[in-house]
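Only one structure is covered here, and it is reproduced in the block below.
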Number of protein chains: 2
Amino acid sequence: MLTLTILGSGKVAHHLIANILDSDQLQLQQIYARNTNSVPDMVPESSVVHSIDQLQPADIFIIAVSDIAIEEVSKHIHLADQFVVHTSGTIPMSAISQERKGVMYMLQSFTKEKDVDFSAIPFCIEANHAKDFQMLEQIAVCFSERVYKISSKQRKAIHLAAVFVNNFANHMFTLGEEVCKEHQVPFEILKPLIAETANKIMELSPVEAQTGPASRGDQNTIKQHLELLTDPTKKEIYQLITKSIQNR
Amino acid sequence: MLTLTILGSGKVAHHLIANILDSDQLQLQQIYARNTNSVPDMVPESSVVHSIDQLQPADIFIIAVSDIAIEEVSKHIHLADQFVVHTSGTIPMSAISQERKGVMYMLQSFTKEKDVDFSAIPFCIEANHAKDFQMLEQIAVCFSERVYKISSKQRKAIHLAAVFVNNFANHMFTLGEEVCKEHQVPFEILKPLIAETANKIMELSPVEAQTGPASRGDQNTIKQHLELLTDPTKKEIYQLITKSIQNR
């Protein structure tokens, strides 16, 4: 049985704790949280500490705090020879001051209220030493079926790619909703199309899945759409993405 | 039993024919197709005509040809007093020359090879006369649970919104894939995130669902991402969409 200690009490920490408590192969050693209210109810009070000095040794320490606090929290772990990882998509492994360091990044956008099925979420892991990597892998496969060995440099690229496919794609939904509102059309009319757009990508590459006036070179429709767009930023986005599609 | 005649043999015509043949309440009267090879196998040969002059009266004529051919095909229907609709998202109802005219636009991106469940696809309908609208509605509900009364002007806006949520969102997936390739990361690592991005929209408005460095105002991450982007068009897209998210 591997023992895990979680530092933090945000969304990622919550989901990690819930999944550890559910696991037969992992044991929750301790939780470090600055205030008690933010710790999930199911955690026994005796496992919660409010000062880093109260931490005991564990097989792994997982720092699940905001990006800017990772370095600081790591520096305050004074136990000798511990394996410490963080869970950030952007911070390099080098932010951990311990010699035995690593990263376990879960590639998903989390919402605290919504239960998360970790099994389908990609876990991107790396570690400074082969032996620690092995243990980290053993832990990650307890959570998820999709575990990837990813370097700090690759992780940065994944995070950037995630901004395109998640944040920016979602903004396209916002722009679509605004166009609907302006013309008294219910946004729900677009939801089956949004579902199908994501669905197609599970089987086709995005270049193969591309349809629409830009990829057909349908100048007449493009011209009509630009006339319909009154907002200058939307117009600019339409023109730039149309150009980018046509350059592929 | 309502009788339907389909003019055309492309993707939309194929899916319409398959769904009519499956229906207990609709009857396929005739199909007009320029060449026999493009007609689905399940259609009896006696129902297929290759000249518009061979068409007989039916309750409704559905013109399912490419946008530029709609007006021409409509002009060639010389039977008196027929109800004629087209299926385009962008062409106004006025392109039909018959006095009894309408539109039945299915809001989805079709692939010929893939079976389509019409029941979840929004049908946007309009007609010149109230009585014809009623019949069109009666037909549409045989295909789908989501039937909307949509004017030609609204339909244009829906088509534009669909470009944002489908074509442009899909292009974001393309850009994400390119970033992955450049850094030797498998694109499949992003697929659960893409699925979740579309999933969230079924329950949250896109503005509520928005996450990421742009919506957090995380200038440090934005700066790092821009440094990572070597392609000038991708950089421009990143900056423009980031600005647009921040202006909401």
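Quick notes
- Residues satisfying the stated conditions in the stretch A:26-42, i.e. at pLDDT below 95 and in contact with a Leu (Cβ under 7 Å, 6 or more places away or on another chain): A:Met42
- Any hit, the stretch A:209-229, residues being within 30 Å of A:Phe118 (Cα to Cα) and among the hydrophobic types (A, V, I, L, M, F, W, C): yes
- Counted residues, the stretch B:58-116 - those being part of a helix (DSSP H, G or I) and not β-branched (Val, Ile, Thr): 9
- The residues on offer are B:Glu177, B:Glu113, and the sole one that is among the acidic types (Asp, Glu), in contact with a helix residue (DSSP H, G or I) (Cβ under 8 Å, 6 or more places away or on another chain) and either at pLDDT 95 or above or more than 28 Å from A:Asp117 (Cβ to Cβ) (or both) is B:Glu177.
- Being more than 27 Å from A:Val12 (Cβ to Cβ), facing chain B (nearest Cβ under 7 Å), in contact with a strand residue (DSSP E or B) (Cβ under 7 Å, 6 or more places away or on another chain) and not acidic (Asp, Glu) holds for only one residue in A:Ile189, A:Ile121, and it is A:Ile189.
- Residues located in the stretch B:43-76, provided they are farther than 14 Å from B:Ile6 by Cβ, under 27 Å from the mean Cα position of the chain (by Cα) and acidic (Asp, Glu): B:Asp67, B:Glu71, B:Glu72
- Residue in the stretch B:168-182 that is in contact (Cβ under 8 Å) with a residue 60 or more places away in the chain and either facing chain A (nearest Cβ under 7 Å) or aromatic (Phe, Trp, Tyr) (or both) present: yes
- Whichever residue in the stretch B:42-98 is touching a residue at least 24 places away in the same chain (Cβ under 8 Å) and small (Gly, Ala, Ser) and, among such residues, is nearest to B:Ala18 (Cα to Cα): B:Ala64
- The residue that is surrounded by the fewest Cβ atoms within 10 Å (Cβ to Cβ), among those in the stretch B:157-167 that are touching a Gly at 6+ places or on another chain (Cβ under 8 Å) and either among the hydroxyl-bearing types (Ser, Thr, Tyr) or at the interface with chain A (Cβ under 7 Å from one of its Cβ atoms) (or both), is B:Asn167.
- Filtered residue count, the stretch B:2-35, keeping only those that are crowded, with 17+ Cβ neighbours inside 10 Å and without any contact (Cβ under 8 Å) to a residue 24 or more places away in the chain: 1
- Screening the stretch A:130-152 for residues that are of a type outside the set (Asp, Glu) and without any contact (Cβ under 8 Å) to a residue 24 or more places away in the chain and picking the one that is nearest to A:Asp117 (Cα to Cα) gives A:Val141.
- Some residue of the stretch A:197-213 being of a type in the set (S, T, N, Q), under 20 Å from B:Ser215 (Cα atoms) and facing chain B (nearest Cβ under 7 Å): no
- Residue that is surrounded by the most Cβ atoms within 10 Å (Cβ to Cβ), among those in the stretch B:36-53 that are of a type outside the set (Ser, Thr, Tyr) and part of a helix (DSSP H, G or I): B:Ile52
- Just one of the listed residues (A:Val48, A:Val65, A:Val43, A:Val85) is within 17 Å of A:Glu126 (Cβ to Cβ) and β-branched (Val, Ile, Thr), namely A:Val85.
- Within the stretch B:1-17, the residues that satisfy the criterion of being within 18 Å of B:Leu107 (Cα to Cα) and out of contact with any helix residue (DSSP H, G or I) (no Cβ under 9 Å at 6 or more places or on another chain) are B:Lys11, B:Val12, B:Ile17.
- Residue check, B:Arg216 more than 7 Å from chain A (Cβ to nearest Cβ) and farther than 26 Å from A:Ile68 by Cα: no
- Residue pairs meeting the criteria (Cβ under 9 Å; at least 6 apart or on separate chains; first assigned by TED's automatic domain parsing to the domain that holds B:Val179 and exposed (fewer than 14 other Cβ atoms within 10 Å of the Cβ), in the stretch B:215-227; second assigned to a helix (DSSP H, G or I) and of a type in the set (Asp, Glu)): B:Asn220/A:Asp67
- B:Glu126 fulfils the conditions (1) at the interface with chain A (Cβ under 7 Å from one of its Cβ atoms); (2) of a type in the set (D, E, K, R); (3) not in a helix (DSSP H, G or I) except for a single criterion, (1).
The values are calculated or read from the model by the stated rules, or taken from the named source; none is laboratory data. Treat the numbers as computed from the prediction; the structure is a model and nothing was measured. So basically every Cβ, Gly included, is an ideal-geometry build from the backbone, and we count neighbours across all protein chains shown.
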